[in-house]
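To start, the structure under review is shown below, and the notes come after it.
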Amino acid sequence: MGNRVAREDFEWVYTDQPHADRRREILAKYPEIKSLMKPDPNLIWIVVMMVLTQLAAFYLVKDLDWKWVIFWAYAFGSCINHSMTLAIHEVSHNSAFGHYRSMWNRWFGMFANLPIGVPYSISFKRYHMDHHRYLGADGIDVDIPTDFEGWFFCTTFRKFIWVILQPLFYAFRPLFINPKPITHLEIINTVVQLTFDVIIYYVLGIKSLVYMLAASLLGLGLHPISGHFIAEHYMFLKGHETYSYYGPLNLLTFNVGYHNEHHDFPNIPGKNLPLVRKIAAEYYDNLPHYNSWIKVLYDFVTDDTISPYSRMKRHQKGKVELD
């Protein structure tokens, strides 16, 4: 099982947001980066094709043996569904239709949500904006693991289980850290999603429904792409809070690996983040970064000095405005 990680509190800081100063400095030096702050219409067509691809997969697996249903859910569906969650991440930043058509982005996010099987898009938008405004803020940023997660999942075996169950922790953690009143859009998102699930069940059968849900659970758990959950903000190096990843899986994840660049410029679509790094290379090339999400997962599980406690927490100063 490995050695138990000694309990250490989250690292506490009282500083302002870490990305704001770098953003101001980069924009002052390279104002042309502002031209990258525009919607990415290609995102719309990519999402449509991904939804259609999963619909075809639902049909193709409906008569397979169960072992093949699960096999294809992990080998294929998991990649599509995890990629779709990152498309929803893009849409949450209004990258599909722009900030002046924010409601178009919300409806489109519900459409992108369909093959995932669980209503997700609208709630993610609400909590993810807090993650950007109040990165690491105690009781606000639900990307931060709970004290229970840090205390319990502290051995090699337990951290392995934690990685497998990551989608469940991300789903239920907001209820314990920062519960919010349910909005009408979340109700609509839920009704639309459950209606879609029922249609899939009655038209194609239970195997197609299980394929859809298993693809999401497996794809967001022990899966190479899931390395981004840990790579983004877990402090493998003391004092470094955000890390980028420059490996090939960015092709499937809308460049979410460019995470320092994304937090510096959250209103720039993932498609343009490599250009940010290219233009302002001196600000990013010397920052610690990763080239393998698989290695990140392996190191997290096996390194006795790393656990869900390995995050930076902030005592938020001043007025906090939540959605």
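The values are calculated or read from the model by the stated rules, or taken from the named source; none is laboratory data. As the structure is a prediction and not an experimental result, all values here were calculated from the model. Please note: Cβ atoms are built from the backbone with ideal geometry, for glycine as well, and neighbour counts cover all protein chains shown. The accessibility values were calculated without ligands, DNA or RNA, using every heavy atom of the protein model including side chains. Shrake-Rupley method; radii C 1.70, N 1.55, O 1.52, S 1.80 Å.
Of all accessible surface on the stretch 11-314 at a 1.4 Å probe, what whole percent is carbon and sulfur?
C and S fraction of accessible area: 69 percent.
Have a look at Tyr201, Phe176, Leu251 and report the one farthest towards the positive end of the charge dipole of the chain, computed about the Cα centre with Cβ charges (Lys/Arg +1, Asp/Glu -1).
Of the options given, the answer is Tyr201.
Tell me what the chain gives for mean residue ellipticity at 222 nm when only DSSP H runs of n ≥ 4 count, each as -39,500 (n - 2.57), the sum divided by the residue total, rounded to 500 deg cm²/dmol. Walk me through the numbers before you get to the answer.
Numbers: 16 runs with 171 residues, N = 323.
Using -39500 (n - 2.57) per qualifying helix, the result is -16000 deg cm²/dmol.
Once amide H atoms are placed 1.01 Å from N in the peptide plane, what residues at a sequence separation of 5 or more from Tyr290, or on another chain, have their amide H within under 5 Å of its amide H?
Ser244, Tyr245, Tyr246
Using 10 Å bins from zero, what percent of all Cα-Cα pairs in the stretch 73-190 falls into each bin?
Distribution as computed: 12, 38, 37, 12, 1 percent.
Over the chain, with a Gaussian network built from C-alpha contacts below 10 Å, which listed residue (Val163, Val61, Val198) shows the highest mean-square fluctuation?
Among Val163, Val61, Val198, the largest mean-square fluctuation in the Gaussian network model of the chain belongs to Val198.
Keeping all protein chains in position, work out how much accessible area Phe152 exposes to a 1.4 Å probe, and write it in Å² to the nearest 10.
About 70 Å², rounded to the nearest 10.
Amide H to amide H under 5 Å from Ala137: which residues, 5+ apart in sequence or cross-chain, H placed 1.01 Å off N in plane?
Arg314
Taking all protein chains together and a probe of 1.4 Å, list Asp303, Asp130, Asp143, Asp285 from the most accessible to the least accessible.
Asp285, Asp303, Asp143, Asp130
Longer than 18 Å from Cα to Cα, which of Lys38/Lys271; Lys29/Lys278; Lys159/Lys295; Lys125/Lys159 are they? Say none if no pair is. Could you put the intermediate results ahead of the total?
Working: Lys38/Lys271 10 Å; Lys29/Lys278 14 Å; Lys159/Lys295 15 Å; Lys125/Lys159 28 Å.
Exceeds cut-off: Lys125/Lys159.
Across the stretch 190-202, in residue order, what do the Karplus-derived ³J(HN,Hα) couplings come to in whole Hz, using 6.51 cos²θ - 1.76 cosθ + 1.60 with θ = phi - 60° and x for Gly and Pro?
Calculated HN-Hα couplings, in order: 5, 5, 4, 5, 5, 4, 4, 4, 5, 4, 4, 5, 6 Hz.
Applying the Karplus parametrisation 6.51 cos²θ - 1.76 cosθ + 1.60 with θ = phi - 60° to the phi angles of the stretch 298-313, what ³J(HN,Hα) value in whole Hz is obtained for each residue in order, glycine and proline being reported as x?
Values, residue by residue: 4, 5, 4, 5, 8, 7, 5, 8, 10, 7, x, 6, 7, 10, 8, 10 Hz.
What net charge is computed for the residues neighbouring Glu25, neighbours being all others with C-beta under 13 Å from the C-beta of Glu25, Lys and Arg scored +1, Asp and Glu -1?
That works out to +1.
What number comes out for accessible area per residue over the chain if the probe is 1.4 Å? Units Å², please.
I get 48 Å² per residue for the chain.
Need one number: nm distance between label points at Asp147 and Tyr202, each 7 Å from Cα along Cα→Cβ, rounded to one decimal.
Here the modelled spin labels are 4.8 nm apart.
Name the most mobile residue of Gly270, Gly221, Gly247, meaning the one with the largest mean-square fluctuation, in a Gaussian network model of the chain with Cα contacts below 10 Å.
Highest fluctuation among the options: Gly247.
Taking square-rooted eigenvalues a ≥ b ≥ c of the alpha carbon gyration tensor, is the stretch 164-307 rounded, prolate or oblate, where a/c under 1.5 means rounded and, failing that, a/b exceeding b/c means prolate?
prolate
Using all Cα-Cα distances in the stretch 11-314, what percent lands in each 20 angstrom bin from 0 up to the longest?
Binned Cα distances yield the sequence 32, 60, 7.
Spin-label point model (7 Å from Cα, Cβ direction): what's the Leu168 to Leu237 distance in nm?
Distance between label points: 3.5 nm.
Could you size up the charge dipole of the stretch 253-310 around its Cα centre, putting +1 on the beta carbon of Lys and Arg and -1 on that of Asp and Glu, and report it in debye to the nearest 20? Don't jump to the answer; show the numbers that get you there.
Numbers: 4 positive and 7 negative charges, 64 e Å.
About 300 debye.
Treating only the Cβ of Lys, Arg, Asp and Glu as charged (+1, +1, -1, -1), what charge dipole size does the chain show about its Cα centre? Round to the nearest 20 debye.
Roughly 400 debye, rounded to the nearest 20.
Anyone know which of Leu185, Leu297, Leu86 comes out most mobile in the 10 Å Cα GNM of the chain?
Per the Cα network of the chain with a 10 Å cutoff, Leu185 tops the list.
Of Asn94, Pro18, Val69, which is farthest along the charge dipole of the stretch 9-101 in the positive direction, counting Lys and Arg as +1 and Asp and Glu as -1 at C-beta?
Value computed over the given set: Asn94.
Once ligands and nucleic acids are excluded and a 1.4 Å probe is used, how much of Ser216 is accessible, expressed in Å² to the nearest 10?
10
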